[in-house]
Amino acid sequence: MEKTTGTDVKEAVRTFIREELEWSGPEEHLQDGASLIDFGVIDSLSLMELGLWIGDRFGFTVEDTDMTAANFDTLDAIEAFVRRGSRT
């Protein structure tokens, strides 16, 4: 896996959400601490797509048990999850 920063992870996820999940809502819903779930940016189906993409992009397996709001609700949480997962 290539060395990435927190900013790289967040920008990669923002790009995925905009392009692959076709999000065209307000940019403030994609701020680092904004709830992607509460704002409707991701739902259960897009959460699965995002999880699979994260595993492929950052080189680790995202288990079904990892697909939680604690890991995927905000870009900050996703970045922390990627950091933990990429060390395994």
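Computed quantities for the displayed model
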{"item": "Single residue of segment 57-80 satisfying the filter (free of Cβ contacts under 8 Å to residues at least 24 places away in the same chain and under 16 Å from residue 14 (Cα atoms)) that is most open to solvent (accessible area, probe 1.4 Å)", "result": "80"}
{"item": "Enumeration of residues in segment 1-19 that are closer than 15 Å to residue 76 by Cα, assigned to a loop (DSSP other than H, G, I, E, B) and either at pLDDT 95 or above or not hydroxyl-bearing (Ser, Thr, Tyr) (or both)", "result": "none"}
{"item": "Filtered residues of segment 42-56 (kept if under 19 Å from residue 30 (Cα atoms), aliphatic (A, V, I, L, M) and open to solvent by 60 Å² or more (accessible area, probe 1.4 Å))", "result": "45, 48"}
{"item": "Single unsatisfied condition, residue 28 versus (1) within 19 Å of residue 7 (Cβ to Cβ); (2) open to solvent by less than 90 Å² (accessible area, probe 1.4 Å); (3) among the acidic types (Asp, Glu); (4) out of contact with any Asp or Glu (no Cβ under 8 Å at 6 or more places or on another chain)", "result": "(2)"}
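The values are calculated or read from the model by the stated rules, or taken from the named source; none is laboratory data. Please read these numbers as outputs of a predicted model, since none were measured by experiment. We place every Cβ from the backbone using ideal geometry, glycine too, and count neighbours over all the protein chains shown. These area figures cover heavy atoms from the full protein model, side chains too; ligands, DNA and RNA do not enter into them. Shrake-Rupley method; radii C 1.70, N 1.55, O 1.52, S 1.80 Å.
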